[in-house]
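Undergrad: Starting off with a structure, shown below.
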Ligand code: XMP
């Protein structure tokens, strides 16, 4: 536990020079610790695991085996970006697993949000474990744990109650004992981003908005169906594109679409068109414990509405959620 405490004397990583010094130091430590052994990493494509991957690739190249599990609940273009950046640009040893059918089959008919989270979390560990067992001679497990994660687990150990169970990769079973490599566990998110830029990861990856482990699974409300999930993915991609164009992507902490399992009557091509509503959520927060709703210019909302209702199959209305946290939570589930 001792080395899970950030020393008061530790300087913040705010500049490229500080990041490069940290990288040099960590590369030396990783090489010394790992030697010629192999390291396994669950690479989600989020900032933290991507930075850990880039750091390890710099230190030990193909001795790092990164496993990217696509649970079918990622945003449009995400799995492709992971493959492009890590396999094609960084020449990484990447195992890409498309487990979409497994996850969606397990989730079929399940409407309860906590049950959905548990299924996704458990299945994720199962798929990752299966991949790990196929690989031979792996002695280390790397994780993108950062300092707020450690502070959060201390809080939970002290018995503070959480509103939702957050599921991330929980590690591997005991018979697969591996030593942990957690090179960024004493860093805050902004420091991890400075590190990511210094490691020349794409800007969009380094400044990606937070995305929950269960992904679109908690935004396709109630029991997930493939058609509603596909509509959600397209609508969310349009929202992100328009936020980028309007310069809102840098200003808004988290913005996304959620689609409830209800239909309303609408009109398309002069005919009755029953469809789902797309709900836009755009919030700002410091610590995700409370959040305020961002004021989005009407012109942007109108453009998004026009595009989503004309381009996305199955959607006939767009709603804008004005609820702060509390009383809402950021996600709808
Ligand atoms: P809520 O909805 O609780 O969300 O206000 C606060 C922040 O946590 C994210 N979130 C999750 N992250 N697994 C995660 O890794 C989860 O199950 C989960 N649920 C919510 C949410 O996106 C927001 O940033």
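Computed from the coordinates by the stated procedures, all read-outs in this text should not be read as laboratory data. The structure displayed is predicted, hence computed values, not measured ones. Backbone-built Cβ (ideal geometry, glycine too); neighbour counts: all protein chains shown.
Undergrad: Quick one: if the Förster radius is 25 Å, what FRET efficiency do residue 311 and residue 100 give, using the C-beta to C-beta distance and rounding to 0.05?
TA: Approximately 0.65, to the nearest 0.05.
Undergrad: For the pair residue 110 and residue 203, how long in nm is the line joining their label points, each one 7 Å along Cα→Cβ?
TA: So the two model labels end up 3.9 nm from each other.
Undergrad: OK, next. May I ask you to sort 180, 205 by Cβ crowding, counting other Cβ atoms within 10 Å and putting the fewest first?
TA: Ranked by crowding around the Cβ, least crowded first: 180, 205.
Undergrad: Here's a follow-up. On full extension of the chain, what length is gained from residue 10 through residue 133, given 0.36 nm per residue of separation minus the C-alpha to C-alpha distance?
TA: The residue 10-residue 133 span can extend by a further 40.5 nm.
Undergrad: So what is the relative contact order of region 219-320, in percent, for Cα pairs below 8 Å that sit 6 or more residues apart?
TA: Dividing the mean separation by the residue count of region 219-320 yields 29 percent.
Undergrad: Against the globular-protein guess of 2.2 N^0.38 Å, express the Cα radius of gyration of the chain as a ratio, rounded to two decimals.
TA: Compactness ratio reported: 1.04.
Undergrad: What 222 nm value per residue comes from the helices of the chain, counting each DSSP H run with n ≥ 4 as -39,500 (n - 2.57) and dividing by all residues, nearest 500 deg cm²/dmol?
TA: Rounded to the nearest 500, it is -12000 deg cm²/dmol.
Undergrad: May I pose another question? Using only Cα atoms, find the angle between the long axis of helix 147-157 and the longest principal axis of the chain, and express it within 0 to 90 degrees, rounded to the nearest 10.
TA: 80 degrees
Undergrad: Choose one answer from 21, 42, 282: the residue with the largest mean-square fluctuation in a GNM of the chain with alpha-carbon springs under 10 Å.
TA: The residue that fluctuates most here is 21.
Undergrad: I need 47, 97 ordered by Cβ neighbour count within 10 Å, fewest first.
TA: Fewest to most other Cβ atoms nearby, the residues stand as 97, 47.
Undergrad: Roughly how tilted is helix 113-134, in degrees to the nearest 10 and between 0 and 90, from the longest Cα axis of the chain?
TA: Tilt relative to the chain: about 40 degrees.
Undergrad: Over all directions, what mean area does the Cα convex hull of region 133-229 project, stated in square nanometres?
TA: Hull-based average projected area comes out at 9.8 nm².
Undergrad: Could you estimate the translational diffusion coefficient of region 45-199 from the Stokes-Einstein equation, with Rh from the Kirkwood formula over C-alpha pairs, at 4 °C and 1.567 mPa s, in whole µm²/s?
TA: The diffusion coefficient I find is 76 µm²/s.
Undergrad: Under the definition of Cα pairs under 8 Å and six or more residues apart, what whole-number percent is the relative contact order of the chain?
TA: 17 percent
Undergrad: With a 10 Å Cβ neighbour count serving as the proxy for reagent exposure, in which order, fewest first, do 253, 276, 332 appear?
TA: Going from least to most buried by this count: 253, 332, 276.
Undergrad: In square nanometres and to one decimal, what's the mean projected area of the convex hull around the Cα atoms of region 190-333?
TA: 9.5 nm²
Undergrad: If you don't mind, another one. Could you give the distance between the Cα centres of region 270-329 and region 183-236, to the whole Å?
TA: For region 270-329 versus region 183-236, the Cα centre distance is 18 Å.
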